[in-house]
Amino acid sequence: MKPIFYATLIVIAIVGMGFTLSDNHSDKKTTTAPENGFVVLELFTSQGCSSCPAADAVLGKFISEGGTNIIPLSFHVDYWNYIGWKDPYSKPEYSERQQQYVQRLNATAYTPQLMINGKYEMVGSQENPIRKIINSELKINPVAKIDVTSAIAKNGKLIVKYECSGKGSNIINVALVKKKAITNVGRGENSGRKLTNYNIVTDFITKPLNDNTGEVSIAFDSNKIPSEYSVIVYIQDKAAGSVLAVTKNEIQ
């Protein structure tokens, strides 16, 4: 899909989804009752999109609330880079990941677009509808399990080892995320603004889940401070795209 086509579709998608998904009567906070479920929030965003800072703030709000079973991720797409500001965290593979989702869900790609557990999509700034789905998903028991046995940064590499269980033809995703970054935007739609982004996916590896144990290696140079990053590992149904299990780990 051409970048200029995205610009045309954003207004259509936001208006349509805002009509069907808005809910002014949802709880202001996620449920505090014990749950066995989890929620992976994948936000497709861009520093070159004027509609995205509001969604970035909502993502940050979920992080600040501290729920261990709610995992937000920020994927920065590259198709807005042409309008004057190149998002330093954008990658074409994240744009492609978004396209894979919208094809599965028979949706339209736009920013800010949020995918919830690989099953739902909506405008990333619509906090109340997002909370409604979160509360529903937290009540569902996971059908798989994933644990990271170690995540060690050494000699320019991050080695992540994991153990898991599950059924079906699944894939495993390993995301290295920068917990927070502040950027002074000099051009484009957000020119002059200081933007804050959260849980930015800086590296992302997807591989078939062939065994119950495994490891991946990610470049991690000595200039990076381990405490500023974390590792998110999640199992996903290869065909349906639904997320089956997730875990979050700090880097040693």
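The values are calculated or read from the model by the stated rules, or taken from the named source; none is laboratory data. Predicted, not measured: the structure shown is a model, and the values here were computed from it. Every residue, glycine among them, receives a Cβ derived from its backbone with ideal geometry; neighbour counts consider all protein chains shown. Side chains are part of the model used for accessible areas, which takes the heavy atoms of the whole protein and leaves out ligands, DNA and RNA. Shrake-Rupley method; radii C 1.70, N 1.55, O 1.52, S 1.80 Å.
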Computed for the chain: size of charge dipole around the Cα centre, +1 on C-beta of each Lys and Arg, -1 on C-beta of each Asp and Glu, debye to nearest 20, value 220 debye
Give me the dipole magnitude in Debye, nearest 20, for the range 60-167 about the Cα centre, with unit charges on the beta carbon: positive for Lys and Arg, negative for Asp and Glu. 280 debye
Accessible surface of the chain, 1.4 Å probe, proportion on carbon and sulfur as whole %: 50 percent
Accessible area of the chain divided out per residue, in Å², using a probe of 1.4 angstrom: 48 Å²
Write out the cysteines belonging to the chain for which the nearest other cysteine Cβ is not under 4.7 Å, or none if no such cysteine exists. Cys164
What is the distance in Å between the Cα centres of the range 95-131 and the range 152-197? 18 Å
Using Cα centres only, tell me the gap between the range 227-252 and the range 132-148 in whole Å. 12 Å
